[in-house]
1. Can you pull out every residue in the stretch B:161-182 that is within 10 Å of chain A (Cβ to nearest Cβ) and free of Cβ contacts under 8 Å to residues at least 40 places away in the same chain?
2. Being acidic (D, E), surrounded by 22 or more Cβ atoms within 10 Å (Cβ to Cβ) and within 14 Å of A:P13 (Cβ to Cβ) narrows it down to one residue among A:E151, A:E102, A:E156, A:E130; which is it?
3. Got a number for residues in the stretch B:146-174 being in a helix (DSSP H, G or I) and under 30 Å from A:S161 (Cα atoms)?
4. Any chance you could count how many residues in the stretch B:41-79 are surrounded by fewer than 15 Cβ atoms within 10 Å (Cβ to Cβ) and closer than 26 Å to B:E173 by Cα?
5. So, in the stretch B:108-122, how many residues would count as being within 9 Å of B:S11 (Cα to Cα) and more than 11 Å from every other protein chain (Cβ to nearest Cβ)?
6. With the requirement that a residue be at pLDDT below 80 and in contact with a Gly (Cβ under 7 Å, 6 or more places away or on another chain), what does the stretch B:118-137 give you?
7. Could you list, in sequence order, the residues of the stretch A:1-40 that are over 30 Å from A:I198 (Cα atoms), of a type outside the set (G, A, S) and either out of contact with any helix residue (DSSP H, G or I) (no Cβ under 8 Å at 6 or more places or on another chain) or crowded, with 21+ Cβ neighbours inside 10 Å (or both)?
8. Answer with yes or no whether A:I179 is surrounded by 19 or more Cβ atoms within 10 Å (Cβ to Cβ) and either in a helix (DSSP H, G or I) or in contact with a helix residue (DSSP H, G or I) (Cβ under 7 Å, 6 or more places away or on another chain) (or both).
2 protein chains.
Amino acid sequence: MNEKGLLIVLSGPSGVGKGTVRQAVFSRPDAKFEYSISITTRKPREGEKDGVDYFFKTREEFEQLIKDDKLLEYAEYVGNYYGTPVDYVQETLNAGKDVFLEIEVQGAKQVREKFPDGLFIFLMPPSLGELQNRIVGRGTESEDLISNRMEAARKEIELMSMYDYIVENDDVELAVDRINAIVLAEHHRSERCVSKYIKLLEVK
Amino acid sequence: MNEKGLLIVLSGPSGVGKGTVRQAVFSRPDAKFEYSISITTRKPREGEKDGVDYFFKTREEFEQLIKDDKLLEYAEYVGNYYGTPVDYVQETLNAGKDVFLEIEVQGAKQVREKFPDGLFIFLMPPSLGELQNRIVGRGTESEDLISNRMEAARKEIELMSMYDYIVENDDVELAVDRINAIVLAEHHRSERCVSKYIKLLEVK
């Protein structure tokens with residue numbers, strides 16, 4: 001076939017549960033995506049592993065990657081850098097595999113500029129109150145940090161109409177069902193597959 | 001919610017298996033569509049029932065409906081009229097339910113003009129040879145009619161890039177899975193649901 005893979009970008013406000021949904025996406029036995037692990041300078045949370053959840057780097061290391069143009073996108077968010085290694089994404093797409101990115105909203109904006117035909121999914125909290133509960137419930141943040149995060153979340157939610165799809169995270173497994181349906185559907189969008197079908201008709 | 005329903009249009013070349021796929025869509029226990037039964041002047045095939053598969057009408061009756069502007073679309077195809085009653089479709093969409101149309105390619109073009117934000121799915125034969133097998137295998141058509149149908153099919157397939165989605169009918173159940181994924185995904189497209197989510201955030 002030699003079709004290029006699909007770049008799937010899952011984003012949304014901090015605290016909405018992007019990481020949990022991403023893990024649930026990949027724990028399905030029929031998951032067909034390649035996951036692009038992000039690079040970050042923030043400290044690992046309990047249970048997070050280097051090279052699995054993130055590549056954890058120092059600020060100096062991260063800034064060198066920026067200089068070397070080795071990042072598809074990066075953002076500084078609440079005092080920490082987050083970024084996506086570009087080479088891995090390009091190679092995987094060229095090999096015809098779908099790449100799944102889970103990134104912050106600022107980063108998603110940069111990826112949109114470089115990959116306008118990527119598939120951008122905004123993960124939505126059921127309500128702002130619920131989002132606050134989750135951020136507070138995490139128990140790792142100070143009060144000031146919480147109110148900063150809530151303000152940032154409000155701004156990020158205003159960006160949701162820039163995305164192709166909006167998925168409510170009212171239930172993790174339902175959110176995964178929706179994401180999988182979106183990816184399957186996108187593979188059948190005519191602008192993505194019409195040339196393949198015309199070829200099929202000619203060859204057989 | 002008071003959201004309007006989605007108009008889903010399944011079309012494709014004659015003989016591709018639209019009717020079989022439509023039946024399989026509706027035989028799923030979780031099918032949530034309202035089916036809009038078409039009106040036709042062609043003779044019922046064996047097993048087809050009036051008011052179930054089609055409303056079977058005379059040419060005179062059909063032409064009266066055209067005059068009264070009671071058809072969302074209609075087409076004359078290989079000597080017979082096919083059409084969709086407009087009132088049922090409008091009322092059902094306004095009630096927030098998705099309507100599923102299975103229609104000929106000419107008719108789909110007319111619906112596109114009236115419902116540009118409908119969801120248009122082109123059902124694709126795995127190959128033109130396969131399509132011919134199916135048309136011949138039906139055993140109800142003369143040789144001339146078969147070659148007419150094949151020529152028409154070739155022309156119709158050229159129209160597929162006007163559709164939103166292309167679904168291969170290599171396997172009926174797989175085709176239904178794809179259609180269901182497409183419908184679920186479309187309900188999450190941001191242009192369809194962003195206003196609903198903004199409201200949710202404000203209210204709670």
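1. The answer is B:S161, B:D177, B:R178, B:A181.
2. A:E102
3. 3
4. Counting residues in the stretch B:41-79 that are surrounded by fewer than 15 Cβ atoms within 10 Å (Cβ to Cβ) and closer than 26 Å to B:E173 by Cα gives 9.
5. Selection size over the stretch B:108-122: 1.
6. B:L131, B:R134, B:I135
7. Of everything in the stretch A:1-40, those that are over 30 Å from A:I198 (Cα atoms), of a type outside the set (G, A, S) and either out of contact with any helix residue (DSSP H, G or I) (no Cβ under 8 Å at 6 or more places or on another chain) or crowded, with 21+ Cβ neighbours inside 10 Å (or both) turn out to be A:L10, A:P13, A:V16, A:K18, A:V21, A:R22, A:Q23, A:V25, A:F26, A:P29, A:I37, A:T40.
8. yes
The values are calculated or read from the model by the stated rules, or taken from the named source; none is laboratory data. No experiment lies behind these values; they were computed from the predicted model shown. Quick reminder, even Gly has a Cβ in these numbers, built from the backbone with ideal geometry, and neighbours come from all protein chains shown.
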